[in-house]
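Data first, discussion second: the structure below is written as structure tokens.
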Amino acid sequence: MSKRLFVWMLAAAVMLAMGSCKGGKSHKCTDKDESETEQGGAGEGDQPDNGWDVTEQLERADYKFDTKLVTDDEGTAEKIIVTITNTVFGMSTVSEVEAVPLDTNNWTGFGNIREDDINFDGYPDLMVCCGPFNSYGNFTYAAWLWDQDMHDFVPVKGFDELFDPEFNKEDKTISSSFRMDDHEDDAVYKWNGQELEMVSSETIVYSELYDE
């Protein structure tokens, strides 16, 4: 093959490749994509602007909740699947919380839903029971706060460390009480933003009280 013929064949191959690029579907080299980007179309990184924010359209009453207990083959509680759904747009958030590993044939309460106002802001929040710890009860809960600014639910870190929580509206505190045999551990918590802080604790030994 002569050198001149080789050059002509190479030039033809280059022209053919350029023609394919102009008429093909490549994102980087089609005239259609460039035109859409200039006109505010579906260019890379663009966000649809419909004039409203989804979260701003949602209120506390627009949400519903569902729980499902998952057990092992022997019926021991493993986890609870929590689904939070806004009924306006039909969108759901699914979370998993650890259940107290007890035999569900003998123990109950797993996945029960409560809607107390746990942070005293006037809006009902969400609590899901993780189960009891013993025959005294000592129920623990996973919790989500309703955030009126975000118009959404926010999980509360460490809320499952409280036992049988009681909510005191007067001083805006939460009392926790854990009973085991003749010992009782009591604690009081207050909110610091969306986190709980222990402000006092006490241990009661009932056998010592009886001796007195």
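The values are calculated or read from the model by the stated rules, or taken from the named source; none is laboratory data. Small disclaimer: the values here were computed from a predicted structure and weren't measured. Every residue, glycine among them, receives a Cβ derived from its backbone with ideal geometry; neighbour counts consider all protein chains shown. SASA here: full protein model, heavy atoms, side chains in, ligands and nucleic acids out. Shrake-Rupley method; radii C 1.70, N 1.55, O 1.52, S 1.80 Å.
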Among Glu115, Glu96, which is the only one that is among the charged types (D, E, K, R), over 19 Å from Asp147 (Cα atoms) and at pLDDT 95 or above?
Glu96
Hey, among Phe110, Phe153, Phe139, which residue is of a type in the set (A, V, I, L, M, F, W, C) and in contact with a Pro (Cβ under 8 Å, 6 or more places away or on another chain)?
Phe139
Would you confirm whether or not segment 99-112 contains a residue that is touching a strand residue (DSSP E or B) at 6+ places or on another chain (Cβ under 9 Å), assigned to a strand (DSSP E or B) and surrounded by 14 or more Cβ atoms within 10 Å (Cβ to Cβ)?
no
Condition broken by Glu170, with the remaining ones in (1) under 13 Å from Phe120 (Cα atoms); (2) open to solvent by less than 90 Å² (accessible area, probe 1.4 Å) satisfied
(2)
In this structure, is Glu197 open to solvent by 90 Å² or more (accessible area, probe 1.4 Å), modelled with pLDDT of 95 or more and assigned to a strand (DSSP E or B)?
yes
Among the candidates Asp160, Asp164, which residue alone is in a loop (DSSP other than H, G, I, E, B), within 25 Å of Asp185 (Cα to Cα) and open to solvent by 40 Å² or more (accessible area, probe 1.4 Å)?
Asp164
The residue that is most open to solvent (accessible area, probe 1.4 Å), considering only those in segment 55-70 that are among the charged types (D, E, K, R) and not in a strand (DSSP E or B), is Glu56
May I ask you to list the residues in segment 178-199 that are in contact (Cβ under 8 Å) with a residue 40 or more places away in the chain and not hydrophobic (A, V, I, L, M, F, W, C)?
Arg179, Gln194
Could you look through segment 173-191, keep only residues that are modelled with pLDDT under 95 and under 26 Å from Val156 (Cα atoms), and pick out the one that is most open to solvent (accessible area, probe 1.4 Å)?
Met180
With the requirement that a residue be assigned to a loop (DSSP other than H, G, I, E, B) and within 23 Å of Met150 (Cα to Cα), what does segment 71-93 give you?
Thr87, Val88, Phe89, Gly90
The listed residue being hydrophobic (A, V, I, L, M, F, W, C) and under 18 Å from the mean Cα position of the chain (by Cα), out of Phe133, Phe159, Phe110
Phe159
Mind listing just one residue for me: the one in segment 123-147 that is assigned to a loop (DSSP other than H, G, I, E, B) and in contact (Cβ under 8 Å) with a residue 60 or more places away in the chain and, of those, least open to solvent (accessible area, probe 1.4 Å)?
Pro124
Starting from segment 74-91, keep only residues that are over 20 Å from Pro155 (Cβ atoms), then list their pairs with residues that are in a strand (DSSP E or B) and among the basic types (Lys, Arg) whose Cβ atoms are within a distance under 6 Å, requiring at least 6 positions of separation or different chains.
Thr87/Lys64
